[in-house]
């Protein structure tokens, strides 16, 4: 363990970054002292403010756009780019120079994440950055913000926990770690965001959480952020008389969040205005989206408001003459948000997915079905058997068609609207009632915006053996595709088998066994393997071979690639190796190729260059 | 004399207070200058009542924020007599929402008196006449009893953004040219 003074939690979010700290030097008997860390940032040219949220936006200004002094940060640097509130602000008028949602790009299998591709729409003269580089800029800003306020305890020497979506695949986790390593974090760990939210709830309960849950509880965490929906199931068990928490399942990566809702309302209003022959330009649409968000928040928190005016100011200095005024009614908001994003569906409903067209435009793979309840139903349905290994703790009705949660923790800004939180709970409870289970209860006291950073800071404290730790390990089993030895049939691809190399639930700092099967690597040439993950096959061990599987059960991930250096070998020679998996202390999956003879090992890389 | 130990935030607060007073108060600034040259603060000279011009920087900065968030200058510079009330009302929402946000981001504003307006209250001797103004039949000796006509407003905290060296505060809103 390091001699760190603080455990620092960093919520490296799609739309915002937040930082929190727990003092590690305090006495164990005392209350945990947790604090939010202000993040000074440019809020206007030459104007710096302390904010708790750092918008995850990077703006690449034209050399003539801002004077060097306009970029001065409190720690005396003048970087040639802007991070935070001002970046978002400038980007709303000049989107071709704005990098946003870098985190979603980090786990986009279709692109090379180390290549300079952002902003996507940038003209040739704008110096683009890679999704990885954008993440490095955000982390670097946070480091400088911290060091400015805690000069005696540099961030690189502290115990840092960076959160990632539970649904991040191994490659995206490794890229996040790579960004943290590039900034220089010496003691870093990754933590899944829904777990961080639960840690925050535990911290906020000041020990009272043990009275709010009991053995056998299945806690469903729904984290609905600005850009993503992240789902996890955490089960309460008992060991040696004390309660334990086990994260048993995580959901798919769903690019659907609060921003989609504001946009949906803005489009509704735009259509309404188009009916009055009023058309809006890009700037006005931004202003309209902002106006709709304000109206939505007001209406969803106060049931007495039936209509809210939405005003789009003119861009010029003539404010009164050029302002467009319209209204958003409660009916429209309820219909668009509740019916559109939280439709009332059966537990058997599944999200509609259109077949991917061969030529997709370069863009983020947004969820094709906006129905969050359908994504939720699919997740619970797929995880019906998630708790079977915990028999004795958890019992489901014999004919359950989905896993029955007993408690729900909601996280993310969307749930600030009581209407949407209630709707989610009502939907879940309707499903439960239909299968004869008691309703799930809402875990109270969650802090929707800051919970993830708080929980991450608390996790650094928990890792020192204080307080309860959520167990779980990897939420998937991993497989490599191998071609089965069969006589070649012209015009037919040899059937593919999947060899399990990492079982479900590998904990940090553990190694998987070596599979007995070998694969051949060609010396001096990169060899690529198809790579698969399953979030439901909990029983497979290293060496298990799947002959066939359904896409529901096993999903294909990005390829992995092994590169055998030619030293001491003949180029083109085939070397039999075994593939070995380990989970690092940081929390990333590491794959190695181990040859039959000799003691060398070679790292097997996740291919993050995207499909050509 | 033992020096008190200041925490970081106490130092930050002190630095900010000193910053504003140095900007606005020439006598204080002279004291700071002497202190930074290593001299102990001179004993305060017998001050004559005087008037001073406030430094305009923070006023201009606040105006700029009100314009940026709430189109404040645009609104005041427009000739409202040419428009119907409904049109002015629409624009007023933009101004109200934005200026309110900007104001609350920079200043913590609370009423001077917590009593309800219209209620009777008594002012003891030694009340602060700057915080509570007497009107009407102002005769006799304190304690004074009267009706609260307006609660008053006061600022309890100031959190203006820091400005870069050489930042031109006279530009309240830059002209925008779209290419």
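The values are calculated or read from the model by the stated rules, or taken from the named source; none is laboratory data. Because the structure is a prediction, the values reported are computed rather than measured. Neighbour counts are summed over all protein chains in view; Cβ atoms, including those assigned to glycine, are modelled from backbone coordinates with ideal geometry.
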A careful count of residues in the range A:12-38 that are buried (at least 21 other Cβ atoms within 10 Å of the Cβ) and within 14 Å of chain B (Cβ to nearest Cβ) gives 2
Which one is farthest from residue B:163 (Cα to Cα), of the residues in the range B:51-83 that are within 10 Å of another protein chain (Cβ to nearest Cβ) and in a loop (DSSP other than H, G, I, E, B)?
-> B:83
Run residue A:366 past the list (1) surrounded by fewer than 16 Cβ atoms within 10 Å (Cβ to Cβ); (2) outside any loop (DSSP other than H, G, I, E, B) and report the number of the one that doesn't hold.
-> (2)
For the range A:401-453, name all the residues that are free of Cβ contacts under 8 Å to residues at least 60 places away in the same chain, closer than 18 Å to residue A:375 by Cα and in a loop (DSSP other than H, G, I, E, B).
-> A:401, A:402
If you go through A:453, A:446, A:485, A:477, the only one that is closer than 24 Å to residue A:220 by Cα and modelled with pLDDT under 85 is A:446
Return a yes/no flag: does the range B:91-111 have any residue that is over 29 Å from residue A:77 (Cβ atoms), out of contact with any helix residue (DSSP H, G or I) (no Cβ under 8 Å at 6 or more places or on another chain) and free of Cβ contacts under 8 Å to residues at least 40 places away in the same chain.
-> yes
Those residues of the range A:39-67 that are within 23 Å of the chain's Cα centre (by Cα) and surrounded by fewer than 22 Cβ atoms within 10 Å (Cβ to Cβ) come to a total of 3
Given (1) closer than 30 Å to residue A:70 by Cα; (2) away from every other protein chain (no Cβ under 11 Å), index of the condition residue B:159 fails = (2)
Residue list for the range A:68-102, restricted to those being surrounded by 19 or more Cβ atoms within 10 Å (Cβ to Cβ), under 17 Å from residue A:128 (Cβ atoms) and more than 12 Å from every other protein chain (Cβ to nearest Cβ) | A:82, A:83, A:87, A:91, A:98, A:99, A:100, A:101, A:102
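Picking from A:169, A:112, A:177, which residue would you name as being touching a strand residue (DSSP E or B) at 6+ places or on another chain (Cβ under 6 Å) and either modelled with pLDDT under 90 or more than 14 Å from chain B (Cβ to nearest Cβ) (or both)? Walk me through it before giving the result.
Details: A:112 fails: touching a strand residue (DSSP E or B) at 6+ places or on another chain (Cβ under 6 Å); A:177 fails: touching a strand residue (DSSP E or B) at 6+ places or on another chain (Cβ under 6 Å).
Within the list A:169, A:112, A:177, the selection yields A:169.
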Output the number of residues of the range A:170-212 satisfying the condition of being in a loop (DSSP other than H, G, I, E, B) and crowded, with 20+ Cβ neighbours inside 10 Å.
-> 1
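Within the range B:21-34, which residues are under 27 Å from residue A:151 (Cα atoms) and either modelled with pLDDT of 75 or more or outside any helix (DSSP H, G or I) (or both)? Walk me through it before giving the result.
So in the range B:21-34, the residues under 27 Å from residue A:151 (Cα atoms) come out as B:21-22, B:32-33.
B:21, B:22 - these are the residues of the range B:21-34 that are under 27 Å from residue A:151 (Cα atoms) and either modelled with pLDDT of 75 or more or outside any helix (DSSP H, G or I) (or both).
Have a look at A:294, A:271 and point out the one that is within 14 Å of chain B (Cβ to nearest Cβ) and part of a helix (DSSP H, G or I). If you could, list the steps in order and put the result at the bottom.
Numbers: A:271 fails: within 14 Å of chain B (Cβ to nearest Cβ).
Selected residue: A:294, the only one of A:294, A:271 that is within 14 Å of chain B (Cβ to nearest Cβ) and part of a helix (DSSP H, G or I).
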Residue list for the range B:84-101, restricted to those being within 7 Å of chain A (Cβ to nearest Cβ) and closer than 15 Å to residue B:73 by Cβ = B:91, B:94
Residue count for the range B:110-132, restricted to those that are out of contact with any strand residue (DSSP E or B) (no Cβ under 9 Å at 6 or more places or on another chain) and either surrounded by 15 or more Cβ atoms within 10 Å (Cβ to Cβ) or within 14 Å of chain A (Cβ to nearest Cβ) (or both) = 0
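State which residue is farthest from the other protein chains (Cβ to nearest Cβ) when the search covers only the range A:304-325 and only residues that are in a loop (DSSP other than H, G, I, E, B) and in contact (Cβ under 8 Å) with a residue 24 or more places away in the chain. Write out each step before concluding.
Kept after step one, since they are in a loop (DSSP other than H, G, I, E, B), are these residues of the range A:304-325: A:304-306, A:313-318, A:323.
Narrowing the set further to residues that are in contact (Cβ under 8 Å) with a residue 24 or more places away in the chain leaves A:305-306, A:313, A:315.
Values: A:305: 14, A:306: 17, A:313: 5, A:315: 8 Å.
Restricting to residues being in a loop (DSSP other than H, G, I, E, B) and in contact (Cβ under 8 Å) with a residue 24 or more places away in the chain, the top hit is A:306.
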Given the conditions (1) out of contact with any helix residue (DSSP H, G or I) (no Cβ under 7 Å at 6 or more places or on another chain); (2) at the interface with chain B (Cβ under 10 Å from one of its Cβ atoms), which single one is not true for residue A:44?
-> (1)
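Out of B:107, B:148, I need the residue that is surrounded by 12 or more Cβ atoms within 10 Å (Cβ to Cβ), at pLDDT 90 or above and either within 14 Å of chain A (Cβ to nearest Cβ) or closer than 25 Å to residue B:57 by Cβ (or both). Which one? Working first, answer last.
On the way: B:148 fails: either within 14 Å of chain A (Cβ to nearest Cβ) or closer than 25 Å to residue B:57 by Cβ (or both).
When all the criteria are applied, what remains is B:107.
If you go through the range A:326-340 one residue at a time, how many are within 14 Å of another protein chain (Cβ to nearest Cβ) and free of Cβ contacts under 8 Å to residues at least 24 places away in the same chain? If you could, list the steps in order and put the result at the bottom.
Pass one, the range A:326-340, residues within 14 Å of another protein chain (Cβ to nearest Cβ): A:326-328.
Now restrict to residues that are free of Cβ contacts under 8 Å to residues at least 24 places away in the same chain: A:327.
Looking only at that region, the number is 1.
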Out of the range A:120-159, which residues are surrounded by fewer than 22 Cβ atoms within 10 Å (Cβ to Cβ) and under 18 Å from residue A:94 (Cα atoms)?
-> A:120, A:121, A:122, A:123, A:124, A:125, A:126, A:127, A:128
